[in-house]
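Nothing in this text is a laboratory measurement; each read-out follows from the coordinates by a stated rule. Keep in mind the model is a prediction, meaning the values are calculated, not measured. Methodologically, a virtual Cβ is constructed for each residue, glycine included, from the backbone with ideal geometry; neighbour enumeration extends over all protein chains shown.
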Amino acid sequence: MLGLSFAARYPRDVSALVLVGCGTFDEHSRSLYRRSLDQLLGEAGRRRIAALQSRLTIESNAAERDALLGELGAVYMGAESYELLDGPSESADGLPADEPGHRETWEDALRLQREGIEPEAFRAVAARVLMIHGAVDPHPGEATRDLLRRFIPQLEYLELDRCGHEPWRERHARDRFVESVREWLRRT
């Protein structure tokens with residue numbers, strides 16, 4: 001999502017953009033996502049999410065807030081994945097959770113959508129765009145693709161079978177993901 005914002009603001013600086021597990025840009029897509037995620041989480045997952053969110057609302061210690069966000073992320077990733085190479089509780093990128101950064105970024109994304117700035121601003125994206133999406137990712141790939149194509153007609157779409165939200169971490173999709181990106185970049 002941030003890549004699209006950057007490419008719209010600085011279209012001359014971006015020649016190719018790969019969107020992986022792209023987030024949502026409208027309330028309809030978010031409702032599809034929430035419904036799918038709710039089903040994947042199951043009762044136990046929903047209870048765990050509610051407990052962590054409750055703790056997050058009352059926690060004032062920054063380090064604890066980051067830790068709670070990390071725990072939330074692990075629960076969500078467990079539901080959003082097909083078969084990870086490493087477990088959902090493992091941080092694939094080794095980066096610590098940043099609760100204020102996450103919250104502020106998402107609030108800004110929602111504000112840009114509410115104010116009608118995004119996805120309208122994506123008309124300025126001049127780069128070739130490839131959207132790669134896992135077939136079992138609860139984020140609604142096809143709905144997001146269809147919405148984005150109204151603003152980015154050059155958007156190409158690839159859906160990977162047996163793949164969740166992070167294809168580079170998925171046992172059955174990783175090789176196809178990497179090769180697809182390489183091939184697309186060669187053509188670009």
Query raised in the report: Could you give the nm distance between label points at residue 124 and residue 178, where each point is 7 Å from its Cα heading toward the beta carbon?
Result: 3.6 nm
Report task. Please label the shape of segment 127-184 as rounded, prolate or oblate, based on the square roots a ≥ b ≥ c of the eigenvalues of the alpha-carbon gyration tensor (a/c under 1.5 means rounded; beyond that, a/b larger than b/c means prolate, else oblate). Result -> oblate
Requested in this report: Would you mind pulling out the separation of the Cα centroids of segment 15-53 and segment 111-188, in Å?
Outcome: 16 Å
Requested in this report: Just grab the label-to-label distance for residue 44 and residue 104, each label 7 Å out from Cα along the Cβ direction, in nm (one decimal).
Outcome: 3.8 nm
Query raised in the report: For segment 56-165, what does the alpha-carbon gyration tensor say about shape, rounded, prolate or oblate, given a ≥ b ≥ c as the root eigenvalues, a/c under 1.5 as rounded, and a/b over b/c as prolate?
Result: oblate
Query - Rounded if a/c under 1.5, otherwise prolate or oblate - segment 92-132, Cα gyration tensor axes - result: oblate
Query - Additional length obtainable on full extension of the chain from residue 111 to residue 61, 0.36 nm per residue less Cα span - result: 15.4 nm
Query - Check: segment 126-188 dipole with +1 on Lys, Arg Cβ and -1 on Asp, Glu Cβ, in debye - result: 240 debye
**Report entry** Option label - log10 I(q)/I(0) by the Debye sum over Cα atoms at q = 0.08, 0.12, 0.20 Å⁻¹ computed here, alternatives (i) -0.29, -0.62, -1.39; (ii) -0.27, -0.64, -1.54; (iii) -0.22, -0.50, -1.53
**Finding:** (ii)
Report summary line: Taking every alpha carbon pair in segment 1-74 and sorting the distances into 10 angstrom bins from 0 up to the bin holding the longest one, the percent per bin comes out as 16, 29, 32, 19, 4
